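A short write-up of the structure that comes next.
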Amino acid sequence: MEPDTLRALLDPASLALLDGVEYERGRELQIATRLRSELAERGLPAGLAAALVTQAELRQAAPAKFGPFADSLLFTRDGLAQATRLPVAAHHAGRMRQAALRAGLDFESAPIADLGCGIGADSLAFGGLGAPVIAIDADEVTAALAAYNLRHLEKVTVEHGRAEDFDPERAELLWLDPARRSGTKRGGQARRLNDPEDFSPSLSWAFGAAADYAGTGIKLGPALDHGLIPAGWEAQWVSHTGDVVEVALYHGAAARAPGRTALVLGPAGAAEVSQADLPATATPEDGLGTLGTYLFEPDGAVIRAGLVTALCGPLGAHRLHEQIAYLTGERPAGGTAARLVRTFRIVDTLPTKVKPLRAELIRRGVGRVVIKKRGADIVPDVLRRQLRLPAGDPATLVFTRLGDRHIALLVEEVVEETKDRP
Ligand SMILES: C[S@@+](CC[C@H](N)C(=O)[O-])C[C@H]1O[C@@H](n2cnc3c(N)ncnc32)[C@H](O)[C@@H]1O
């Protein structure tokens, strides 16, 4: 969006018009044509119509991240794509509040610098919890939209500027969410950057900057190489409603204990596991290669954090194979550990070869299969086609390895049983 278009968009008359736009995919031209005449009636530039249509489209997509706040915010396409989901931003805010406490600071008067604030999702949560925030973005339009989005929070100020030029004397706590995508040309596709030195600001700058603050949080992509986590930092992988959304690195008073943790935010509540929960031996062999009554599929955050075996104790479970992220045990998951895994009851072990497997599934009246696999050399779509099952009941199959053996399991997900057990 050009700065001129942005100025026109922020006119209260344009914003009122935006509130009335009902976006419908495929009808963009008709909507823009109607908007052009309404803009002309109000003495606003006709060129604003396209921007209003885009805002209406983005507002329609935004509730997935911003819930009911979506209708009161403005976005860029990249800004929305990169924005933290609000429940996750609320978690960041909680962690920064803990950091302030640990550092002996008053959270409501110790400024947090959000350097690379985007359209302002994290700042919204920090400010919502009562913190003074200095939010900075290097992109002029993004900074202006953040200022609009954060307009109700008196202690939040937004500036157009570069993180690297920020004076650390101005804040006590630091939040960074470096841009991890290449810049987009008009109509072009943003590309994820793999080298942390290409992030903006770069990861090495971010690590260095942390030394100037009482506590720092740096949000990064969940695929981060464990080798990049500096000694003494806490790395927390977070999943939200089944999607692994980030790893956040915490330093100083923001780090609770050095090492890796995984936090799962789900509909049943939050649950966490940490490196301290790992069994004393790095690779416990107990039970390896034997099949229990239940199969556990750890959440992606637990897997990314390398903490699968930390669940063995809480679940009373062991691994099927030393390199595969499934666990098996005799009782369903209970307590908060149940939120860290999906639990399946193992109904039976079935043949792995297509012909006898097909015959067995037909005999059981199975007509549709969900196929899960770990450590198995199959392509679920291809196998599903090869099975050519006639109409019948749905079922879930798991292809994996038990010790050296390839196995196929017929399983049923256990939902209720696992979630509320003490
Ligand atoms: C991943 S987004 C931040 C998203 C934000 N945390 C949110 O939840 O809405 C990164 C932002 O950093 C900005 N940026 C990139 N390089 C920067 C720099 N050197 N200084 C300040 N901001 C920068 C980009 O314009 C982009 O808006």
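Here residue 264 fits the description: open to solvent by less than 30 Å² (accessible area, probe 1.4 Å), in contact with a Lys or Arg (Cβ under 8 Å, 6 or more places away or on another chain) and within 30 Å of residue 348 (Cα to Cα).
If I ask for residues that are away from the ligand (no atom under 12 Å from the Cβ) and in contact with a helix residue (DSSP H, G or I) (Cβ under 7 Å, 6 or more places away or on another chain), which ones from region 81-99 would you list? Hit for region 81-99 is 96, nothing else. Within region 210-231, the set of residues being open to solvent by 10 Å² or more (accessible area, probe 1.4 Å) and more than 23 Å from residue 302 (Cβ to Cβ) comprises 211, 212, 213, 214.
Among the conditions (1) open to solvent by less than 20 Å² (accessible area, probe 1.4 Å); (2) modelled with pLDDT under 95, residue 2 misses just one, which is (1).
Tell me the strands (runs of 3 or more DSSP E) entirely within region 274-384 that contain at least 2 residues that are loosely packed, with under 15 Cβ neighbours inside 10 Å.
Answer list for region 274-384: 341-350, 366-373.
Among the residues making up region 103-128, those that are open to solvent by 10 Å² or more (accessible area, probe 1.4 Å) and either out of contact with any strand residue (DSSP E or B) (no Cβ under 7 Å at 6 or more places or on another chain) or not assigned by TED's automatic domain parsing to the domain that holds residue 172 (or both) are 104, 105, 106, 107, 108, 109, 124, 125, 128. Entry remark, region 6-48: residues being in contact with a Phe, Trp or Tyr (Cβ under 8 Å, 6 or more places away or on another chain) and open to solvent by 40 Å² or more (accessible area, probe 1.4 Å) number 1 in total. Between 305, 276, the distinction of being free of Cβ contacts under 8 Å to residues at least 40 places away in the same chain and among the aliphatic types (A, V, I, L, M) belongs to 276 only. Could you go through region 106-119 and let me know if any residue there is within 14 Å of the ligand (Cβ to nearest atom), out of contact with any Lys or Arg (no Cβ under 6 Å at 6 or more places or on another chain), not small (Gly, Ala, Ser) and not in a strand (DSSP E or B). Checked against the condition, which is being within 14 Å of the ligand (Cβ to nearest atom), out of contact with any Lys or Arg (no Cβ under 6 Å at 6 or more places or on another chain), not small (Gly, Ala, Ser) and not in a strand (DSSP E or B), region 106-119 yields at least one hit.
Quick one: would you say residue 78 is within 15 Å of the ligand (Cβ to nearest atom), surrounded by 18 or more Cβ atoms within 10 Å (Cβ to Cβ) and part of a helix (DSSP H, G or I)? So residue 78 does not fit the description; no. Would you point out the residue of region 136-159, among those that are near the ligand (Cβ under 9 Å from one of its atoms) and assigned to a strand (DSSP E or B), that is farthest from residue 193 (Cα to Cα)? Selected residue: 136. Remark: residue 131 matches the filter, which requires a residue to be in a loop (DSSP other than H, G, I, E, B), more than 10 Å from the ligand (Cβ to nearest atom), among the hydrophobic types (A, V, I, L, M, F, W, C) and outside the structural domain of residue 55 (by TED's automatic domain parsing).
Taking the listed residues 400, 309, 328, the one that is of a type in the set (S, T, N, Q), under 23 Å from residue 239 (Cα atoms) and over 25 Å from the mean Cα position of the chain (by Cα) is 328, with no other qualifying.
The values are calculated or read from the model by the stated rules, or taken from the named source; none is laboratory data. Remember, it's a predicted structure, so these values are computed and weren't measured experimentally. Please note: Cβ atoms are built from the backbone with ideal geometry, for glycine as well, and neighbour counts cover all protein chains shown. The protein model used for the area step is the full one, side chains on, heavy atoms only, and it has no ligands, DNA or RNA in it. Shrake-Rupley method; radii C 1.70, N 1.55, O 1.52, S 1.80 Å.
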